[in-house]
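Quick notes on the structure that follows.
A short reminder: the numbers here are calculations on the coordinates, not readings from a lab. What you see is a predicted model; the values in this text were computed from it and never measured. All Cβ positions, even for glycine, are placed from backbone atoms using ideal geometry, and neighbour counts span all protein chains on display.
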Amino acid sequence: MYLCGEGIDEILIELYPLLLAGGVANVGSRGEMREELGVTFRMTKPRARISRSQDRGKPFSALGELLWYLGGLNTLEFIKEYIPDYAEDAEEGILAGAYGPRIHSMRGSINQLENVTTLLKANSTSKRAVIQLYDAADIAVHHKEIPCTTALQFIARDGRLHMSTTMRSNDAYKGLPHDVFCFTMLQEMMATRLGLDLGEYIHFASSMHVYDGSIEAMKQYVREGHQKTVQMPEMPPGDAFSITDILLRAEGEIRAGKKISAADFSSEHYWADIIRLLQVFWATKRRNAPGFEDLTELKAEFQDDVYRAYLDRRLKTRILRDAKIIGAV
């Protein structure tokens, strides 16, 4: 199966009906599922990486997962706040298949991001710029969770940086929107580091599937209909990976309940807006969270309109949730 679209919604609105209608019944590690083997898709506008749908628009949890990768982390403590389901796979508080340590210190010492950077700076047309996430040791010892992604490949051609992802297994409903967000962000960050324009994103999954528990929600996405393609803004020039420590420091202070100004952490509007997304997430996650009363002000601070709709949606969800809690008391 081959699909092509501008952004994530163009892919999902075509993929989901095909998977629902033609997916073959199988049993996976998390239960019964419908599966299609050998699915490939191409996104021509990777910045259209956030779904505009009511349910698949997940910039907050996807951003948390990206920071987990960038920080080289494998701890449940960090990621469980964004994706609670990871608790099912943790072993003594650690996720054995976490991508962060494999990207930054594969086999204890190999920094694959730096190696790819060095390679493409020396030989811009190289076909060897691969980050390996799946290791032979992953099936030598049993773990609850191992990488679904096997490799990320960066390909520079005609002044543009393309990226291809290969996956042994891909949950089309829960996992795919996060994967596309995180991997295309890494693609654009590498492009800025190398001084290249953003190219296309190509994704291949040996097993593309949906578990039975997600089928009704997937049908609802399809009923919601096609979403207008909207892109995130372009990253500012320079080495985007240099912002990692700043983003993690800002996230730590927000997580700790401190009231901050995103502009104090970055003068670049792009990265300040990313920090504001973190503020929205934490302000709406916890009852009586610091900053909840300032969301209207925070909404006005966003430099790009694309993010305001997600703030409104998350605030609405929080209000409805609180109303249910109060009604049950």
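Think of the chain as a dipole: +1 on every Lys or Arg Cβ, -1 on every Asp or Glu Cβ, centred on the Cα centre; then among Ser261, Phe181, Ala62, Ser261 lies furthest on the positive end. Restricting things to alpha carbons, find the Rg to Rh ratio for the range 130-184 using the Kirkwood radius for Rh. Ratio of gyration radius to Kirkwood radius: 1.05. If both residues of a DSSP beta bridge must be in the range 1-115, then about 65% of such bridges are antiparallel. When the square roots of the Cα gyration tensor eigenvalues are ordered a ≥ b ≥ c, the ratio a/c for the range 43-95 is 1.5 or more and a/b exceeds b/c, which makes its shape prolate.
Round to a whole angstrom and tell me the spacing of the C-alpha centers of the range 1-69 and the range 106-126. If we compute the Cα centre of each part, the gap is 28 Å. Amide H contacts under 5 Å for Gly28: Met33, restricted to partners 5 or more places along the chain or on a different chain, H placed in the peptide plane at 1.01 Å from N.
Any idea what % of Cα-Cα pairs in the range 194-251 are farther than 14 Å? Intermediate results must be reported in sequence, preceding the final value.
Numbers: 1287 of 1653 pairs.
Looking at the range 194-251, the distances longer than 14 Å represent 78 percent of pairs.
With a cut-off of 14 Å between beta carbons, the residues surrounding Glu91 carry a summed charge of -4, where Lys and Arg count +1 and Asp and Glu -1.
Restricting attention to the range 198-306, the count of lysine pairs at 8 or more positions apart or across chains with alpha carbons under 29 Å apart stands at 9. Here the average projected area of the convex hull drawn through the C-alpha atoms of the chain stands at 17.4 nm².
Antiparallel beta bridges, as assigned by DSSP with both residues in the range 114-255, represent about 55 percent of the total such bridges.
Here the chain carries DSSP beta bridges of which approximately 70% are antiparallel, counting only pairs with both residues inside.
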